[in-house]
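Contents: one structure, followed by commentary.
The values are calculated or read from the model by the stated rules, or taken from the named source; none is laboratory data. These numbers come from a predicted model, not from an experiment. Neighbour counts run over all protein chains shown; Cβ positions are idealised from the backbone, glycine included.
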Amino acid sequence: MRINYSLIDIIDKGSKSSKIKELIHDLRSKQYVFSIVPEKLIHMNNGIKYYYVEAARNGSKMIINAYGAQADELFSEVHKYS
């Protein structure tokens, strides 16, 4: 069995508008399941917040990384559904 991985990096560039809510909604509507959902945000050595999740569907896996304010938003959105 071959597993395909995709990687999405979401980096806080000071934007007030984020696409995280749309991304999570889109993944759920396409029947993705969040298979790895850490329970805490990670604070890197440089003080920046980091969060990641893994979404899986039919042998396809996607890792979503978020930094800064988007890490908080990704954490909140994913934990609404898991």
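Provide a single number: the residues in region 53-71 that are in contact with a strand residue (DSSP E or B) (Cβ under 7 Å, 6 or more places away or on another chain) and within 15 Å of LYS19 (Cα to Cα).
7
Return the only residue of TYR52, TYR67 being surrounded by 17 or more Cβ atoms within 10 Å (Cβ to Cβ), free of Cβ contacts under 8 Å to residues at least 24 places away in the same chain and under 13 Å from the mean Cα position of the chain (by Cα).
TYR52
Got a number for residues in region 31-57 being at positive phi and modelled with pLDDT under 90?
Of the residues in region 31-57, 0 are at positive phi and modelled with pLDDT under 90.
Does region 31-43 include one or more residues that are closer than 15 Å to ILE8 by Cβ, in a loop (DSSP other than H, G, I, E, B) and among the hydroxyl-bearing types (Ser, Thr, Tyr)?
yes
Please state which of the following conditions SER60 fails to meet, knowing it meets all the rest: (1) modelled with pLDDT of 90 or more; (2) at negative phi.
In the conditions (1) modelled with pLDDT of 90 or more; (2) at negative phi, SER60 misses (1) alone.
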